[in-house]
Amino acid sequence: MEFPSKLKYSKEHEWVRVEDGDVAYVGITEFAQGELGELVYVEVETVGEEVAKDEVFGTVEAVKTTSDLFMPVGGKILEFNPALDENEGDNPTLANSDPYGEGWIVKIEMTDASQLDDLMDAESYKDLVS
């Protein structure tokens, strides 16, 4: 199982990758997608909205379960990954096959980058799920 060191992790199994300034990408971890199984649907209806830290911003649906997605840091949802969107690419399994790359879920503009300090680094997250 991978735990990329450039990411920050939440206890709800989301990750954050800061790209440029306050812009970041959010997705689910390899551990989370492994627990859920093959994803059949990803829903994000919060594009354009500001979502607070720990609030639900969407859902993922696997064959046997549906799970909420929680914002690891507060921010405005700029984009829902078009490759996952049923109205565009419709390939939710990218979150299974490439959870830290092409399987990202949303692009955000963080409202308070200091909230990253509340998240775990790769080693701490690895300890949590091991």
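Among (1) out of contact with any strand residue (DSSP E or B) (no Cβ under 8 Å at 6 or more places or on another chain); (2) not in a loop (DSSP other than H, G, I, E, B), which single condition is Val16 missing? Condition not satisfied by Val16: (1). Go through (1) more than 27 Å from Leu128 (Cα to Cα); (2) crowded, with 22+ Cβ neighbours inside 10 Å one by one and return the number of the condition Pro72 breaks. The number of the failed condition is (1). Looking across the range 92-121 at every residue that is of a type in the set (Gly, Ala, Ser) and farther than 20 Å from Asp20 by Cα, the one that is surrounded by the most Cβ atoms within 10 Å (Cβ to Cβ) is identified as Ala95. Contact map, the range 4-27: residues that are crowded, with 20+ Cβ neighbours inside 10 Å paired with residues that are among the polar types (S, T, N, Q), Cβ distance under 6 Å, separation 6+ or inter-chain. Pairs shown: His13/Thr29; Trp15/Thr29.
Every number in this text was worked out from the coordinates using simple rules, so none of it is lab data. Since this is a predicted model, take the numbers as computed values, not measurements. FYI the Cβ positions are ideal-geometry reconstructions off the backbone, even for glycines, and counts take in every protein chain you see.
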